[in-house]
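Visitor: Here you go, one structure.
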């Protein structure tokens, strides 16, 4: 397998460069024979798009895997569309990195379809920020409950068939009065909310 490693200088004993697009060299290694080729990264001084250009340079060499420290999403997508896997967070020398890969010490790489499996390489652009967007105003007005979350449900939940019904020790008149008080309080809260809506 042809492997491209981002490096500071050329050679198998060269230190890995943590940057992909701005590295000085790519060392292209045959993982079976350990024969290698030093490839100057001519895009490292580009004012913009260095990562994309570097990815194209590597793709043109027919590599199947890139070992690097970190990589941007655009460059990663170019490699992915070319069927090239990427492993990030790699340090040490090129020789060590390739040997670690051959021993299976790297957990995984991104798949050619672009499915992210390595931290820092994933291209999941979903902005799931979990804002909730709840508009509940919850104006309890000191009555022990709010409009959106009453502490005692007005309609009791259905009892399980296996649970015997419990007998309320509270007089029926008190239950009715409690319900009336809650209805009155809810009506007041609805009026307050209507006033707020009218102001907007």
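Visitor: When the residues of the range 51-69 are narrowed to those that are in a loop (DSSP other than H, G, I, E, B) and surrounded by 15 or more Cβ atoms within 10 Å (Cβ to Cβ), which ends up farthest from the chain's Cα centre (by Cα)?
Guide: Step by step, filter the range 51-69, then rank; the result is 63.
Visitor: How many residues does the range 31-48 hold that are over 19 Å from residue 8 (Cβ atoms) and either in contact (Cβ under 8 Å) with a residue 12 or more places away in the chain or in contact with a strand residue (DSSP E or B) (Cβ under 9 Å, 6 or more places away or on another chain) (or both)?
Guide: From the range 31-48, those over 19 Å from residue 8 (Cβ atoms) are 31-35, 47-48; that's our starting set.
Subset that is either in contact (Cβ under 8 Å) with a residue 12 or more places away in the chain or in contact with a strand residue (DSSP E or B) (Cβ under 9 Å, 6 or more places away or on another chain) (or both): 31-32, 34-35.
Adding up the residues that qualify gives 4.
Visitor: Identify the residue in the range 36-50 that is in a loop (DSSP other than H, G, I, E, B) and touching a helix residue (DSSP H, G or I) at 6+ places or on another chain (Cβ under 9 Å) and, among all such residues, is surrounded by the most Cβ atoms within 10 Å (Cβ to Cβ).
Guide: Of everything passing the filter in the range 36-50, 41 is surrounded by the most Cβ atoms within 10 Å (Cβ to Cβ).
Visitor: Here is a list of conditions, (1) farther than 13 Å from residue 94 by Cβ; (2) surrounded by fewer than 22 Cβ atoms within 10 Å (Cβ to Cβ), and residue 31 meets all of them except one; can you say which number that is?
Guide: (1) is the only condition that residue 31 fails.
All of the numbers you see were taken from the coordinates with simple rules; none came from a lab. Owing to the predicted nature of the structure, the values given are computational and were not obtained by experimental measurement. A quick note on method: Cβ atoms are made from the backbone with ideal geometry, for glycine too, and the neighbour counts reach across all protein chains shown.
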